[in-house]
Amino acid sequence: MKKSLLFLAFAILMMKGFSQQHKVVADKIVGIVGDKIILKSDITNAMVDMQRQGGQLPPNADCFIMEQQLTLKALVLQSEKDSILVGDDEIEALLDNQIRGFVNMYGSKEALEEIAGRTIYQIKEDFRISFRERKLAEKMRDKIVESVKITPQEVKAYWDKSPVDSLAFYESEVEIGEIVTYPKASRDLEKLAMDELGDWKKQIESGQSRFEALAGLYTDDPGSKNTGGQYTINRTEKAWDPAFISNAFRLKEGQISPVFKSKFGYHIIQMVSRAGDDAIVRHILRIPKVTDAEIKEGVDKLDSVRAKLISGTMKFGEAVSRYSDDENSKFTGGMRQGQNGSYLTIDQLDKDLVVLLKDMRVGEFSRPTPFTDERGKKGVRIAYLKTRTEPHRENMKDDYNRVAQRALEIKKQEILEKWFVSKIPGYYLLIDSDYNNCTTIANWLQYATKVIN
């Protein structure tokens, strides 16, 4: 069993399922693990989906996918024996997220339903079993490797075996922490924003103006300015502001909400259409203007925080917890995150932060500096430069954490392989004779009690 397949086994389910128009009419069972069946269409559809998404089929793709399916079914079977549970709400959230991805891909729910030849409800039901299996398999895998640790000696041994010409080259990277405060606008300017929205609501309801036209002209939300303020939302998705969701789902189709406040500013919402927990809405956001006086208060507040950091009377993590208004800070300790964890290249930073870091040394805290975030909201921040690397070939000094993580994943893969070797003989196992020559599933084939003809 190739090590990488143990991790890829779950990814395949994200590519299958939305293939109804390619479904094989005369289907047949090509594999069984315990009471879990694998259909020929599972293999065929997975290959079609790989190609549709621009991926290259690996050599012996049918063998590759069969191994993934056998691996997945075995993990699901064991998860049920171990009484691992997955909540309906967890699966529903995954399904909603998948549907939103399809809607974004095809432009609208109507276009999705037309292309699929099925309603949104039917598409979700097509995915439900496979999504539950994927989640059960993930949880079972996590349980198998949850106690696996890596020692510095093991990391060093892994490093010593790594070919020099295989080592990655990294551009200059930084680890950046931030303490952010968003000064509050004056009451007068908050009232002005509310009055503007109230006036636009009247214009729309009287037929004097169209909602999407006003949104295009006046909304402070850059994400919906070019679409007339329109969003596709789901009541259960936690990414949406609770006040936004609550006000949206009180509305009937065509109705406009009263002016209300969210963590982003003040809004009015129009319900365009709704189907259960899914809806299409338009909104106009107004962010009350923050004046120089409020900005100065923010600078003064963070200036005192910086003094405590420099004197050592307060740790950075404590300052983030007590003073930062960035809602993601509680999960990251104030450290910015990217694809490589906390390591970021310069092009992943906003231009103002790049300028701020230019003359900073590692370990320093910047002076409080005003900035405008990606939502157009004005704030003040202190930046903390934790580390900075020069462009370099991977090495143990600068990249120990990366090397250790890679070595840990390989160790987990080895533990998983041993787990499968010990479990496969105990499964009731059938594999179609079409796969007799698949060397990647040799461990499975030798224990098959009967080969399907």
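The values are calculated or read from the model by the stated rules, or taken from the named source; none is laboratory data. It should be emphasised that the depicted structure is a prediction, and the values quoted were computed from it without experimental measurement. With ideal geometry, Cβ positions are generated from the backbone for all residues, glycine too; neighbour counts draw on all protein chains shown.
Which of the residues that make up region 277-324 are assigned by TED's automatic domain parsing to the domain that holds G216 and under 24 Å from the mean Cα position of the chain (by Cα)?
Scanning region 277-324 gives D277, D278, A279, I280, V281.
From V180, V259, V174, which residue is in contact with an Asp or Glu (Cβ under 9 Å, 6 or more places away or on another chain), surrounded by 15 or more Cβ atoms within 10 Å (Cβ to Cβ) and assigned by TED's automatic domain parsing to the domain that holds D325?
Working: V259 fails: assigned by TED's automatic domain parsing to the domain that holds D325; V174 fails: in contact with an Asp or Glu (Cβ under 9 Å, 6 or more places away or on another chain).
Of V180, V259, V174, the one residue that is in contact with an Asp or Glu (Cβ under 9 Å, 6 or more places away or on another chain), surrounded by 15 or more Cβ atoms within 10 Å (Cβ to Cβ) and assigned by TED's automatic domain parsing to the domain that holds D325 is V180.
Check S246 against each of (1) among the small types (G, A, S); (2) farther than 21 Å from E374 by Cα; (3) crowded, with 19+ Cβ neighbours inside 10 Å and name the one condition it does not meet.
With respect to (1) among the small types (G, A, S); (2) farther than 21 Å from E374 by Cα; (3) crowded, with 19+ Cβ neighbours inside 10 Å, S246 is out only on (3).
Quick one: in region 325-336, which of the residues that are more than 11 Å from Y384 (Cβ to Cβ) and surrounded by 15 or more Cβ atoms within 10 Å (Cβ to Cβ) is farthest from the chain's Cα centre (by Cα)?
D325
Name every residue in region 223-246 that is touching a Phe, Trp or Tyr at 6+ places or on another chain (Cβ under 7 Å) and more than 15 Å from F211 (Cβ to Cβ), in order of residue number.
Result: I233, R235, D241, A243.
Could you go through region 434-445 and let me know if any residue there is among the small types (G, A, S) and surrounded by 14 or more Cβ atoms within 10 Å (Cβ to Cβ). Lay out the reasoning, then the answer.
The initial filter retains those residues of region 434-445 that are among the small types (G, A, S), namely 442.
From the residues that got through so far, the ones that are surrounded by 14 or more Cβ atoms within 10 Å (Cβ to Cβ) too are none.
Scanning region 434-445 turns up no residue that is among the small types (G, A, S) and surrounded by 14 or more Cβ atoms within 10 Å (Cβ to Cβ).
Restricting to region 119-162, name every residue that is more than 29 Å from D35 (Cα to Cα) and surrounded by 13 or more Cβ atoms within 10 Å (Cβ to Cβ).
T119, I120, V148, I150, E154, V155, K156, Y158, W159, S162 - these are the residues of region 119-162 that are more than 29 Å from D35 (Cα to Cα) and surrounded by 13 or more Cβ atoms within 10 Å (Cβ to Cβ).
Looking for something farther than 29 Å from T439 by Cα, within 23 Å of the chain's Cα centre (by Cα) and touching a residue at least 12 places away in the same chain (Cβ under 8 Å) - is there at least one such residue anywhere in region 68-89?
Among the residues of region 68-89, at least one is farther than 29 Å from T439 by Cα, within 23 Å of the chain's Cα centre (by Cα) and touching a residue at least 12 places away in the same chain (Cβ under 8 Å), which makes the answer yes.
Can you name the number of the only condition in (1) assigned to a loop (DSSP other than H, G, I, E, B); (2) touching a Leu at 6+ places or on another chain (Cβ under 8 Å); (3) of a type in the set (G, A, S) that S79 fails?
Here S79 meets the rest and fails (1).
Can you find, within region 298-316, the residue that is nearest to K191 (Cα to Cα) among those that are in contact (Cβ under 8 Å) with a residue 12 or more places away in the chain and surrounded by 14 or more Cβ atoms within 10 Å (Cβ to Cβ)?
Within region 298-316, the match that is nearest to K191 (Cα to Cα) is G298.
Pick from region 323-343 the residues that are at pLDDT below 90 and not in a loop (DSSP other than H, G, I, E, B): which of them is nearest to D300 (Cα to Cα)?
S329
Of (1) closer than 30 Å to D399 by Cα; (2) hydrophobic (A, V, I, L, M, F, W, C); (3) surrounded by 14 or more Cβ atoms within 10 Å (Cβ to Cβ), A168 satisfies all except one. Which?
Going through the list (1) closer than 30 Å to D399 by Cα; (2) hydrophobic (A, V, I, L, M, F, W, C); (3) surrounded by 14 or more Cβ atoms within 10 Å (Cβ to Cβ), A168 breaks only (3).
How many residues does region 232-265 contain that are over 27 Å from the mean Cα position of the chain (by Cα) and either part of a helix (DSSP H, G or I) or among the hydroxyl-bearing types (S, T, Y) (or both)?
1
Checking K412 against (1) farther than 24 Å from S342 by Cα; (2) in contact (Cβ under 8 Å) with a residue 60 or more places away in the chain; (3) surrounded by 13 or more Cβ atoms within 10 Å (Cβ to Cβ), only one condition comes out false. Which one?
Of the numbered conditions (1) farther than 24 Å from S342 by Cα; (2) in contact (Cβ under 8 Å) with a residue 60 or more places away in the chain; (3) surrounded by 13 or more Cβ atoms within 10 Å (Cβ to Cβ), the odd one out for K412 is (1).
Among (1) touching a helix residue (DSSP H, G or I) at 6+ places or on another chain (Cβ under 9 Å); (2) surrounded by fewer than 14 Cβ atoms within 10 Å (Cβ to Cβ); (3) of a type in the set (S, T, N, Q), which single condition is S206 missing?
Answer for S206: the failing condition is (1).
Residues that are under 24 Å from E297 (Cα atoms), at pLDDT 90 or above, in contact with an Asp or Glu (Cβ under 9 Å, 6 or more places away or on another chain) and assigned to a loop (DSSP other than H, G, I, E, B): does region 314-322 have at least one?
Looking through region 314-322, none of the residues is under 24 Å from E297 (Cα atoms), at pLDDT 90 or above, in contact with an Asp or Glu (Cβ under 9 Å, 6 or more places away or on another chain) and assigned to a loop (DSSP other than H, G, I, E, B).
Need at least 3 residues that are over 29 Å from E327 (Cβ atoms) and without any contact (Cβ under 8 Å) to a residue 60 or more places away in the chain per element, so show me which helices (runs of 4 or more DSSP H) inside region 133-221 make the cut, counting only ones lying wholly within it.
Values: elements: 152-161, 187-205, 211-218.
In region 133-221, the matching helices (runs of 4 or more DSSP H) lie at 152-161, 187-205.
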